[in-house]
Amino acid sequence: MQRIRLRYTKRGRLRFTSHRDFQRAFERALRRSAVPMAYSAGFTPHPKVSYANAAPTGVASEAEYLEIGLAEARDPEALRAQLDGSLPPGLDVIDAVEVRTAHFVERLEASEWQLRLDGVDRSEAEAAAVAFLAAERVEVQRMTKNGLRVFDARSAVAALEVLPAQVGDGNDTGTERADDVRAGTPCAILRLVVRHATPAVRPDDVLSGLRATADLAPPVPAEVTRLAQGPLDEGTGTVTDPLALDRAAAAAAQ
């Protein structure tokens, strides 16, 4: 059985697609593309598809990952293009590698997020980020299926900074749009790197922490995009490519 790891996106309005909705769309794409899937054993066989750390509904992402098992070997790039053509625009398969290494999920140590705060001055966001990072502990609350939970949002944050104003490139991945720059509308763009810890700390938890430490309250909901997830370089606070080991192993085998 050949295994392929895929990186896909949720862009534009498709960020409101739930994980279950994506699963259904992806399984339809597998059937339309006639991918020779491997199936599990038992009375109700299922195609061998494994998803890793999906982003919440309503959040855009450039770095979602899944793994599929094939009954027949296929070229990863040809398979990627085939599946991408069978999915709606916004759910885009942008990378594919043959599985050469184990423990992929363990390599997803952190996520890099971009938070667009419309109506917030850059100086106000910078002061809030400084206050948040200076705190030893920032307690936030989140309602879970087991009731209200209180936890520390500060310890999971590896990096938090305000980016310079950017003119959007039309990809709708969260960067500041050109019309906002022309109109002079206040808009702060935050870069956030969060370790994948337990309990999981999400971007909205950090926004709650910014409100608690610096009274930062955007007038409209933040537009959130996951830019990357993978191994964390603690020295630089950057997230690196989790597929790099598979690519290196494939190159060494040639």
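The values are calculated or read from the model by the stated rules, or taken from the named source; none is laboratory data. Model, not experiment: these values are computed from the prediction. For neighbour counting, all protein chains shown are included, and Cβ atoms are generated from backbone atoms with ideal geometry for every residue, glycine included. Just the protein is used for accessible areas: all its heavy atoms, side chains included, with ligands, DNA and RNA removed. Shrake-Rupley method; radii C 1.70, N 1.55, O 1.52, S 1.80 Å.
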**Q.** Some residue of region 85-101 being open to solvent by 70 Å² or more (accessible area, probe 1.4 Å) and in contact with a strand residue (DSSP E or B) (Cβ under 6 Å, 6 or more places away or on another chain)
**A.** no
Q. Which pairs have Cβ atoms under 9 Å, sit 6 or more apart or on different chains, and link a residue in region 51-69 that is at positive phi to one that is buried (at least 18 other Cβ atoms within 10 Å of the Cβ)?
A. Asn53/Glu64; Asn53/Tyr65; Asn53/Leu108; Asn53/Ser111; Asn53/Gln229; Gly58/Arg15; Gly58/Val224
Q) Out of the residues in region 222-240 that are open to solvent by less than 60 Å² (accessible area, probe 1.4 Å) and in a loop (DSSP other than H, G, I, E, B), which is farthest from Asp121 (Cα to Cα)? A) Pro231
**Q.** All positions within region 27-50 that are among the aliphatic types (A, V, I, L, M) and closer than 17 Å to Gln2 by Cα
**A.** Leu30, Ala34, Val35, Met37, Ala38, Ala41, Val49
Q. Does Ala134 satisfy the condition of being open to solvent by 70 Å² or more (accessible area, probe 1.4 Å), hydrophobic (A, V, I, L, M, F, W, C) and modelled with pLDDT of 95 or more?
A. yes
Q: May I ask you to say which residue of Ala200, Ala250, Ala165 is open to solvent by less than 60 Å² (accessible area, probe 1.4 Å), assigned to a loop (DSSP other than H, G, I, E, B) and at pLDDT below 95?
A: Ala200
Q) So Thr44 clears everything in (1) surrounded by 13 or more Cβ atoms within 10 Å (Cβ to Cβ); (2) β-branched (Val, Ile, Thr); (3) farther than 25 Å from Ser111 by Cβ except one condition, right? Which one? A) (1)
Q) Out of region 77-125, which residues are under 23 Å from Pro242 (Cβ atoms), out of contact with any helix residue (DSSP H, G or I) (no Cβ under 9 Å at 6 or more places or on another chain) and not in a strand (DSSP E or B)? A) Glu77, Ala78, Leu79, Arg80, Ala81, Ala102, His103, Val105, Glu106, Leu108, Glu109
Q: Could you tell me whether any residue of region 234-246 is of a type outside the set (Val, Ile, Thr) and under 14 Å from the mean Cα position of the chain (by Cα)?
A: yes
Q: Name every residue in region 102-128 that is open to solvent by less than 50 Å² (accessible area, probe 1.4 Å) and more than 19 Å from Tyr51 (Cα to Cα), in order of residue number.
A: Trp113, Gln114, Leu115, Arg116, Leu117, Asp118, Gly119, Val120, Ala125, Ala128
Q: Determine the pairs where a residue that is touching a residue at least 40 places away in the same chain (Cβ under 8 Å) and polar (S, T, N, Q), located within region 1-12, has a partner that is assigned to a strand (DSSP E or B) and open to solvent by less than 10 Å² (accessible area, probe 1.4 Å) with Cβ atoms under 7 Å apart, the partner being 6 or more residues away or on another chain.
A: Gln2/Leu70; Thr9/Ser61; Thr9/Glu64
Q: Would you mention how many residues in region 47-66 are under 21 Å from the mean Cα position of the chain (by Cα) and open to solvent by 40 Å² or more (accessible area, probe 1.4 Å)?
A: 6
Q) Are any residues in region 208-221 part of a helix (DSSP H, G or I) and open to solvent by less than 30 Å² (accessible area, probe 1.4 Å), and if so, which ones? A) Gly209, Leu210
Q: Test Val150 against the criterion of being within 24 Å of Asp204 (Cα to Cα) and surrounded by 13 or more Cβ atoms within 10 Å (Cβ to Cβ), and give yes or no.
A: no
Q. In region 60-76, how many residues are part of a helix (DSSP H, G or I) and over 19 Å from Arg32 (Cβ atoms)?
A. 0
